[in-house]
1. Let's test this: bin the Cα-Cα distances of segment 63-143 at 10 Å from zero up to the farthest pair and state each bin's percent.
2. May I ask for log10 I(q)/I(0) of the chain at q = 0.14, 0.15 Å⁻¹, from a Debye sum over the Cα atoms as equal point scatterers with solvent left out?
3. Return one whole number: the accessible area per residue of segment 254-311 in Å², for a 1.4 Å probe.
4. Tell me, what ³J(HN,Hα) does each residue in segment 190-204 have, in order and in whole Hz, if you take phi through Karplus 6.51 cos²θ - 1.76 cosθ + 1.60 with θ = phi - 60° and put x for Gly and Pro?
5. Semi-axes of the equivalent ellipsoid of segment 187-299: what are they in whole Å, largest first, if each equals the square root of 5 times a C-alpha gyration tensor eigenvalue?
6. Can you pull the Kirkwood radius for segment 191-230, inverse mean 1/r over Cα pairs, to one decimal in Å?
7. So, in nm, how far is label residue 347 from label residue 286 when the simple model puts each one 7 Å beyond its Cα toward the Cβ?
8. With all distinct Cα pairs included, what does the Kirkwood hydrodynamic radius of segment 217-376 come out to in Å, to one decimal, could you say?
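The values are calculated or read from the model by the stated rules, or taken from the named source; none is laboratory data. As the structure is a computational prediction, the values presented were derived from the model and not from experiment. Cβ sites come from the backbone with ideal geometry, for glycine too, and all protein chains shown count toward neighbours. The protein model used for the area step is the full one, side chains on, heavy atoms only, and it has no ligands, DNA or RNA in it. Shrake-Rupley method; radii C 1.70, N 1.55, O 1.52, S 1.80 Å.
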Amino acid sequence: MKPLDPRSESAATPKVHPHTFATLDGLRGVAAIAVVLFHYPALVGRQIVPQGYLAVDFFFLLSGFVLTFAYQGRLASGWSLRQFLRVRVARLYPLYCLGLLFGFLVNRLQAIHGTSVGSTSTVLTFLGLGLVFLPYMGGPGTVIFPLNMPSWSVLMELLANVIHAVFYKRPSTMKLLAGIVIGLTGILIAAIRLGNFDFGATNPFAVFALFRVLCSYSLGILLFRFWQKTSVRWKVSPGVISILLVAILAAPIPGRFLVAYEVLASLLLFPMLVFAGASTQPKPRYLRVFLLLGQASYAIYVLQAPLVQLYTRIWANVAHHSAEVYRPWSGLLYACLLVALALFVDYVYDLPARALLKRWLTKGEAKTQRATIATR
């Protein structure tokens with residue numbers, strides 16, 4: 001089977017291998033756009049995806065599912081934590097770093113206009129910590145990655161990879177169920193107090209994001225094992241699956257039922273969509289769209305925050321009115337620019353950067369392997 005990275009390695013080419021997941025790639029792109037709409041409702045006039053934050057749990061579920069497909073065999077055969085993390089860091093870091101540097105640049109531009117948050121030394125501290133995946137642990141309400149808020153979930157992804165390589169090399173069903181239960185318990189402790197699952201980016205509840213990723217990532221591994229072993233396949237149109245995903249994120253749920261709905265979505269509805277998405281491929285005329293959505297998804301997610309700050313600042317300077325005055329057209333233009341930038345950055349920067357980083361990170365390993373072969 002062809003290895004597939006959960007951040008859309010299958011999207012690098014329009015040719016689809018029988019064991020790649022083009023529908024899941026497209027769903028990742030849909031979820032990334034939903035996150036953007038959730039974060040910036042003022043640009044479109046209203047909150048049209050009130051549960052958009054659940055897209056992060058969907059990402060974690062997808063990662064557990066697809067990483068198990070791609071790497072479980074190598075982990076089970078003795079791949080070390082270091083070897084696994086080299087591959088994952090090579091995949092995640094280039095765009096993560098770009099988003100952080102973009103956020104730093106926007107912050108410094110804001111400083112010229114007197115709207116920057118934090119002194120130069122403070123912002124350099126944010127940058128230094130962020131470059132090595134360390135959160136800024138300030139007081140209550142502090143964003144743990146101030147230069148690029150969505151970076152918190154990239155850190156959670158890496159921590160999930162650590163859990164995978166340490167505890168789930170040869171996971172039993174009971175071990176995975178224990179991870180799901182522990183994760184759900186921690187989620188509910190935070191959600192009952194906060195009223196929903198929308199936590200992880202700010203203190204003091206940032207630490208509870210570990211439970212979000214543990215629950216959904218473990219469920220993704222368990223779901224893949226079931227999908228792999230069963231002959232059942234749900235042949236649902238990828239377009240219908242995409243619409244259902246948006247419907248789940250956009251459902252107007254009364255506050256008193258919200259936590260129960262979030263549990264239902266995370267534990268049942270999202271797994272059903274992933275199972276169906278893994279069981280079908282888009283028709284040839286739609287294939288390119290799904291692959292492009294998947295290709296752009298990671299860059300959409302990590303570049304959304306600094307870009308919207310730059311976009312609204314330029315709009316205000318050029319039009320002499322805020323972008324919100326021209327909604328929803330300003331929001332539509334922003335979405336188009338973000339997707340276009342994401343595709344451009346993925347092709348021009350991310351693909352070569354991660355290939356270079358992977359070669360650098362695995363250079364020592366390759367030398368060791370050659371030396372071992374030579375002494376035999």
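1. 15, 35, 24, 18, 8, 1
2. Evaluating at q = 0.14, 0.15 Å⁻¹ gives log10 I(q)/I(0) of -1.30, -1.51.
3. Working: 2240 Å² over 58 residues.
Dividing the accessible area of segment 254-311 by its residue count gives 39 Å².
4. Once θ is set to phi - 60°, the couplings for segment 190-204 become 6, 5, 5, 6, 8, x, 6, 8, 7, 9, x, 8, 10, 6, x Hz.
5. Details: eigenvalues 162, 55, 46 Å².
The equivalent ellipsoid of segment 187-299 has semi-axes of 28, 17, 15 Å.
6. Working: mean 1/r = 0.0868 Å⁻¹.
Answer for segment 191-230: a Kirkwood hydrodynamic radius of 11.5 Å.
7. Going from the residue 347 label point to the residue 286 one covers 2.4 nm.
8. On the way: mean 1/r = 0.0497 Å⁻¹.
Every distinct Cα pair counted, the radius reaches 20.1 Å.
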